[in-house]
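Below is one structure, written out as structure tokens; the observations come after it.
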Amino acid sequence: MQHINKSIWYKQPAKEWNEALPVGNGRLGGMIFGGIHQERVQLNEDSVWYGGPRDRNNPDALEHLPQIRKLLADGRLKKAENLAALTFTGTPETQRHYEPLGDLLINMEHKETETSNYSRELDLDHAVTKVQYTIGDVTFNRETFTSYPDQVMVIRFTASESNSISFRTLLDRGNARNYDELEAISNHSLIMRGETGGKDGIVFRSAIKATAENGSVKTLGNHLIVENADAVTLILSAATSYRYEDPEQQCLKTIEKVSAKTYQELLQHHIEDYQKLFNRVILNLGDDNEENADLATDQRLELVKEGKEDLSLISTYFQFGRYLLISSSRPNSLPATLQGIWNEKMLPPWDSKFTININAQMNYWPAEICNLSECHDPLFEHIEKIKKNGKKTAKSMYGCRGFTAHHNTDIWGDTAPQDIYMPATIWPMGAAWLCLHLWEHFEFTRNEKFLKNSYDTLKEAALFFVDFLVENEEGLLITTPSVSPENTYILPNGEKGTLCEGPSMDSQIIFALFTSLIDASEILDVDQAFRQQLLKLREKLPKPKIGRHGQLQEWLEDYDEEEPGHRHISHLFALYPGKQISPSTTPELAGAAKVTLERRLQSGGGHTGWSRAWIINMWARLEEGELAYQHILQLLKSSTLPNLFDNHPPFQIDGNFGGTVGIAELLLQSHTGELHLLPALPNEWSSGQVKGLKARGGFEVDLSWEKGELTEGVIHSLNGEKCAVLFNNERKEFETTAGHTYPLVFNHES
Ligand code: FUC
């Protein structure tokens, strides 16, 4: 096997889940262990969740809202929190959780046991995993992929000698404890039937079919047996009642349809589909040197942990992030959860659902800039489910129009508060933040039809705040009750609190939401009166404030925080992913943001993977390339598992996506209205090349640089908008025509 920097590879099978390699098509996923005598493919289907939809809105919320607000305004924190814990938390307190689909277990029958030349690989160029080993004189190969166009997983077994492939296989789920039936439905197919449990739980089906070249296929009991074949193609399909009335029929229909195609055809369709997305971006920060050629990915990661720099591993990490988004979020799939789609636990960490006070949003930060706009779709579809439920939550809990969601949601788009955890639970900002992704998609694509379709959703999200905001004694419009996710403040008298009035993040999110609507209504030439109303309301939102340490204030008052190194840095939303603060437009606030970051880091901040990834983006926005790079290294050193999955700990995929976009933000930024080229290039990345990053305004950008200087810059205009470009201190502005390409020439002395 040839290992280039777009491959992740190992010299031994995975001993545990965090070493296995992920494949997926947005909906159907697998973790490939690559065992020699037993292959385990841990399976997921994105709609296998426990239980059906419920109304968990606390019926006593609205009645107690005025009292909680009054208690907070009077500074009686504990009373407010105690009352809120009873009247504002969900009934019951938790949303639904994600479950695994099961396992495909394949027991190989090899004539001998002595193995040599083992390797396994995830080929990022083709989205195929490959396992290879030699036993005796025979070299065995196993390739696995999950096809988006054909909606199946395909495993292909080949060997260097004819009649060498024999195995038995079956589907499993919790050692046969967590499904109802496993049945041979023909002499070459099995089906697993089950339900996830809970009221209105999901009905699932998964089927496999083996096709052998020479040799034989039969079933015995609930095993599928292959004997003495030259090559075998194993196809796996899955369907649930979430999407289909008759998931069994769907499952079998898919397998039958796909069986008519040859392996080569399936592979080719898969690669064509995948490469249409994957090949849009090229990143080269440094070639693999000779030394690296023999080093497997886990060995290279170990060396980075010991302090060695490895620029091509960083390019691989970047492309792996793009691979993960393509594999866990495609049109018609559900959005990527905390674990993307890959989860082996019946009760996963944080339910493997969608935490929307940072994590689900972080999953989608790379979508636009890394040229995977379509992968953003599932999030937009899910926002519509949230909108429906969130209208009920807005009305029943707060007596407000529009819609709202709290800090989590699930497969059903549940919007009632999650957990009874005061630092996080009562925070009505989740939907508003998600809606900013609609605006971001528009900004990058400039697709007015999309904006028109999304306008009502943006407006309903804003309407909630038109009703919800309360004017305080200083005439400021504030959210109450709320929290600054998920931190605790200390009052001058030493009392500690979480529930509060007007945390900075809330005002920043509302500022961004109102601004997007003001702009959207102008672009679409609609809703003039509403626009005027939002302009007035926006004026009265609390502005970002600088506190006594020179830091950006996290709360309306200049409180100290209980945990100065807290993983959430919510009040820097305005720096990233927001754009209210930047060194060029608000230098003083950018300085304060820097102080905040430094203070967090001095106290051990960034200790979870996603928090570290956020910090990379913040340093990128502060144009501190060197610091950002140190945190990229730190992400690899302390928060990356052997299979390059992000480690919260445990595995949580947001850090992969946050790290990926952080790398892109060092090379290109466009949030201030101009395309800022190489805004924060680390010294160590002195030469490199990136092609195909996207910028706001509908531009695609290719850059090459040497010794930190641009040697080539090309802008592709997709929509014919005016383009402003900034490199070092040189700014150029020019009109463009859609479909045209503009090479840039910069004066290197500037
Ligand atoms: C938020 C974070 C945690 C974790 C969880 C899924 O609550 O504060 O660190 O990422 O989401």
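Dividing the alpha-carbon Rg of the stretch 609-750 by 2.2 N^0.38 Å yields what?
Details: Rg = 16.1 Å, N = 142, 2.2 N^0.38 = 14.5 Å.
That ratio works out to 1.12.
Taking every alpha-carbon pair within the stretch 325-406, the share separated by more than 19 Å comes to 45 percent.
Would you mind ranking S216, S119, S47 so that the residue whose beta carbon has the fewest other beta carbons within 10 Å leads the list?
On the way: S216 13, S119 16, S47 22.
Ordered by Cβ neighbours within 10 Å, fewest first: S216, S119, S47.
For helix 377-398, report the angle its Cα long axis makes with the longest principal axis of the Cα atoms of the chain; keep it between 0 and 90° and round to the nearest 10°. Once rounded, the angle reads 50 degrees. Straight-line cross-link reach from K111 at under 17 Å between alpha-carbon atoms covers these aspartates and glutamates, not counting any fewer than eight positions away in the same chain: E39, D137, E161, E227, D230. What the Cα convex hull of the stretch 1-154 gives, in volume per residue, is 196 Å³. Here the ratio of the Cα radius of gyration of the stretch 74-123 to 2.2 N^0.38 Å is 2.82. Its Kirkwood hydrodynamic radius, worked out from the mean inverse distance over all distinct Cα pairs, puts the chain at 27.0 Å. Once backbone amide H atoms are built at 1.01 Å from N, D103 has L43, D172, R173 as its partners under 5 Å, excluding neighbours fewer than 5 places away on the same chain. For the stretch 399-433 versus the stretch 686-732, the spacing of their alpha-carbon centroids is 39 Å. Its DSSP H runs of at least 4 residues, each contributing -39,500 (n - 2.57), put the calculated 222 nm mean residue ellipticity of the chain at -10500 deg cm²/dmol, to the nearest 500. Sequence-distant contacts, meaning Cα pairs under 8 Å at least 6 residues apart, place the relative contact order of the stretch 382-489 at 27 percent.
Exposure proxy ranking for V217, V226, based on other Cβ atoms within 10 angstrom of each Cβ and starting from the fewest, stands as V217, V226. Exposure proxy for I420, I202, I615: other Cβ atoms within 10 Å of each Cβ, ordered fewest to most, give I420, I202, I615.
Derived scalar couplings between HN and Hα for the stretch 83-91 equal 5, 5, 4, 8, 9, 10, 7, x, 10 Hz in order, rounded to whole Hz, by the Karplus curve 6.51 cos²θ - 1.76 cosθ + 1.60 (θ = phi - 60°), x for Gly and Pro. Our note on the geometry: Cα centres of the stretch 339-395 and the stretch 65-80, 32 Å apart.
Centre-to-centre separation between the Cα atoms of the stretch 253-327 and those of the stretch 440-488: 38 Å.
Applying 1/(1 + (r/R0)^6) with R0 = 22 Å to the Cβ-Cβ distance of T139 and N228 gives a FRET efficiency near 0.85. Note the angle between two axes, namely the Cα long axis of helix 587-602 and the longest principal axis of the Cα atoms of the chain, as a number of degrees from 0 to 90, rounded to the nearest 10. Approximately 60 degrees, to the nearest ten.
Given R₀ = 22 Å, what would the calculated FRET efficiency be for E730 paired with E309, taking r from the Cβ atoms and rounding to 0.05? Don't skip to the end; give the middle numbers.
Numbers: r = 30 Å, r/R0 = 1.37.
Between E730 and E309 the formula returns 0.15.
Considering all C-alpha pairs of the stretch 688-744, those separated by over 17 Å amount to 33%. Mind checking the angle between helix 654-665 and the chain's longest principal axis? C-alpha axes, 0 to 90 degrees, to the nearest 10. Roughly 70 degrees, rounded to the nearest 10.
With 27 Å as the limit on Cα-Cα distance, the pairs of K459/K732; K452/K545; K276/K449; K345/K388; K691/K732 that go past it are K459/K732; K452/K545; K345/K388.
Taken together, the values in this text are just the output of simple stated rules run on the coordinates, not laboratory data. Only a predicted model underlies this, so the values are computations on that prediction, with no experimental measurement involved. Quick reminder, even Gly has a Cβ in these numbers, built from the backbone with ideal geometry, and neighbours come from all protein chains shown.
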